[in-house]
Amino acid sequence: MKLFRSIAITAGSSLVLLVPFLAGAATENVTGGSPGGGLQNPLSGVSTIPQFINVLLDAIIVIGLPIAALFIIYAGFLFVTAQGSEEKLKNAKSTFLWTLVGIAVFIGAKVIAELIDTTIKSIR
């Protein structure tokens, strides 16, 4: 029974690992891209570096804000569990402060990028 199980696991994992290689071995262009096999832009609607920076910063904000909210909740938990201990209160204050600094950094980066983008567009 153990032999059958190990053979089944080995065959299944081999199949899972080999399928992407077999699918990537197609010789014709099935994605509708350029016929010469040239490079395609994987980011739709992004053709300039400022657009790329804006898309990247938007993604960072979408990912970063929920994480920052979790850290604020964690800092609150640290405040509650400190129970008057000076060292634990210091740790909770530090966690809360650096969470706010992190939020300010990635929101500030987005604001600065928007200001630079607006300034460049107004000069043109």
| task | For LEU100, state whether it is within 20 Å of the chain's Cα centre (by Cα) and modelled with pLDDT of 95 or more. | result | yes
Could you please let me know if LYS90 is at pLDDT 90 or above and of a type outside the set (Val, Ile, Thr)? yes
Of the conditions (1) surrounded by 12 or more Cβ atoms within 10 Å (Cβ to Cβ); (2) of a type in the set (Lys, Arg); (3) modelled with pLDDT under 90, the single one that ARG124 does not satisfy is (1)
Among the residues of the stretch 18-36, is there at least one that is assigned to a loop (DSSP other than H, G, I, E, B), over 30 Å from ILE120 (Cα atoms) and at pLDDT 80 or above?
no
Note on the stretch 73-92: residues touching a Leu at 6+ places or on another chain (Cβ under 9 Å) and among the charged types (D, E, K, R) are LYS88
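Taking the stated definitions as given, is GLY84 surrounded by fewer than 16 Cβ atoms within 10 Å (Cβ to Cβ) and not in a helix (DSSP H, G or I)?
Numbers: surrounded by fewer than 16 Cβ atoms within 10 Å (Cβ to Cβ): yes; not in a helix (DSSP H, G or I): yes.
So GLY84 fits the description; yes.
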Quick count over the stretch 68-92, residues being in contact (Cβ under 8 Å) with a residue 12 or more places away in the chain and within 19 Å of VAL105 (Cα to Cα), is 4
| query | Given the structure, is LEU65 part of a loop (DSSP other than H, G, I, E, B), of a type outside the set (Ser, Thr, Tyr) and touching a residue at least 12 places away in the same chain (Cβ under 8 Å)? | reply | no
One residue is enough: does the stretch 51-59 have a residue meeting the conditions surrounded by 13 or more Cβ atoms within 10 Å (Cβ to Cβ) and either modelled with pLDDT of 90 or more or closer than 14 Å to ILE103 by Cα (or both)? yes
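The values are calculated or read from the model by the stated rules, or taken from the named source; none is laboratory data. Computed from a prediction, not measured in an experiment: that's the story for all the values here. All Cβ positions, glycine included, derive from the backbone under ideal geometry; neighbour counts span all protein chains shown.
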